[in-house]
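Here the structure comes first, spelled out in structure tokens, and everything after it is commentary.
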Amino acid sequence: MLTKLLFIILITLSLHSKDQLEKIYFIDSNDINISSISQNYKNEIRLFSLDKNRYTKKIKSKELIEILKSHGYNSFTAKSRYVKFIKKSPIDLSKITADIKKFYQKKYTTIHIEEIHVHPRGYIESLPPEYKIYIRYKNYLSNDGTLSIKTLDNKKIFFDYRIKARLDVYTAKNDIKRETSLSLVNCTKQNIYLSRFRAMPIENINDEALQSKQHIKKNNIITQRDVEGLSLVKRGSNVNVSLNGDGMSITFTAEALQDGKLNDIITVQKTNSKKIKVKVTGRNKVEMR
């Protein structure tokens, strides 16, 4: 009996020990209840209501925490200074939500979207039957943003949205110097929540594909700004040149007169000083065109 009681207490503590307030809550009515804040609580105690003819309410986190404490809920904390409650507009947002999902999936190959929340800048009763959706180009770098719809009569309606999604990124295990080959030796793969990126993160690192374009600090997320195609051939190095065709294969050595990345066309010089154009196929490997 005692063991069962202790188990129940532990479960209860685990449910109530990590009640962190969100920045935004979406509500279905004018009343804001404890269940509006946390699904762990089914109690419909009314905390407060939206003001008359208003569809949003912004309250200081400290004030909300005190209200919760007055009702016996002492476990809430907050990271943001304010909490905002927004009444949902009675509109079908499935088309807009689908476009947001498609937009992010097109940008990130490894993304897994858990939630999408969309709401108009103001409370609206209905959407037009036809409209076009416009999402700002760089919105993919953040988990929230603004979009607009344009009606047939050129009227614009603005919406705010936020998504909860995870994706793969790579971070530097240690400081990485410029022009260093990137691989799992010096990079770590992590699956993180999308928040805000300074540039498009690299989602995949293949051996002999990328090198650092600049110094990368330890633990930094590696982005497209930080990398470039790996130089597989260095100017002045000896390369193996292959010529394949008509059932025969010829290989000889030449000197590279240019740096080259995968699939680059560079000039090499044969031992007889003749210069030829070749295609880079691997590390110190090229192929005659």
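Read-outs throughout are calculated quantities, based only on the coordinates presented, and are distinct from any laboratory measurement. In this text, all values refer to a predicted model and were calculated from it rather than measured experimentally. Virtual Cβ from ideal backbone geometry, glycine too; neighbours counted across all protein chains shown.
The H on the amide N of N40, modeled in the peptide plane, is under 5 Å from the matching H of no residue at least 5 residues off or on a different chain.
Counting every other Cβ atom within 10 Å of each residue's Cβ, L147, L257 order from fewest to most as L257, L147. The helix-based estimate of mean residue ellipticity at 222 nm for the chain, built from -39,500 (n - 2.57) per DSSP H run of four or more residues and divided by its residue count, is -4500 deg cm²/dmol to the nearest 500. Between amide H atoms placed 1.01 Å from N, distances below 5 Å from D264 occur with V280, all of them 5 or more places distant or on a separate chain. Would you work out if segment 60-208 is rounded, prolate or oblate? Take a ≥ b ≥ c from the square roots of the eigenvalues of the alpha-carbon gyration tensor; rounded if a/c is under 1.5, else prolate when a/b is larger than b/c, oblate otherwise. Oblate is the answer for segment 60-208, as a/c is 1.5 or above yet b/c matches or exceeds a/b. For the chain, relative contact order (Cα pairs under 8 Å, six or more residues apart, normalised by length) works out to 10 percent. Loop-located GluC sites (Glu not before Pro) in segment 64-137 (DSSP state other than H, G, I, E, B) with a sparse environment of at most 13 neighbouring Cβ atoms within 10 Å: E125, E130. Taking V83, V118, V227 in turn, the Gaussian network model of the chain (Cα-Cα springs below 10 Å) assigns the largest fluctuation to V83. Build a GNM of the chain with springs between Cα atoms under 10 Å apart, and of N263, N238, N272 the one that fluctuates most is N272.
In this structure, the pairs whose alpha-carbon distance is over 24 Å, taken from K173/K213; K95/K155; K60/K88; K62/K138, are K62/K138.
Among rounded, prolate and oblate, which fits segment 232-288 when a ≥ b ≥ c are the square roots of the eigenvalues of its C-alpha gyration tensor, a/c under 1.5 means rounded, and a/b larger than b/c means prolate? The shape class here is oblate. A simple count of charges around I59, restricted to other residues whose Cβ falls under 11 Å of its Cβ and scoring Lys, Arg +1 and Asp, Glu -1, yields +4.
A full extension of the chain between T151 and Y134 corresponds to an added length of 5.0 nm, given 0.36 nm per residue minus the alpha carbon distance. For K234, the aspartates and glutamates whose Cα falls under 16 Å of its own Cα, not counting residues fewer than eight places away in the same chain, are E179, E208, E255, D259, D264, E287. Residue by residue through segment 78-88, what is 3J(HN,Hα) from phi via Karplus (6.51 cos²θ - 1.76 cosθ + 1.60, θ = phi - 60°)? Round to whole Hz and write x for glycine and proline. Taking θ as phi minus 60°, the curve returns 8, 9, 8, 6, 10, 10, 10, 10, 10, 6, 5 Hz for segment 78-88. In a fully extended conformation the segment linking R235 and I276 would gain 13.3 nm over its present Cα-Cα distance, using 0.36 nm per residue. Among T97, T77, T180, the largest mean-square fluctuation in a Gaussian network model of the chain, built with springs joining Cα atoms closer than 10 Å, belongs to T77.
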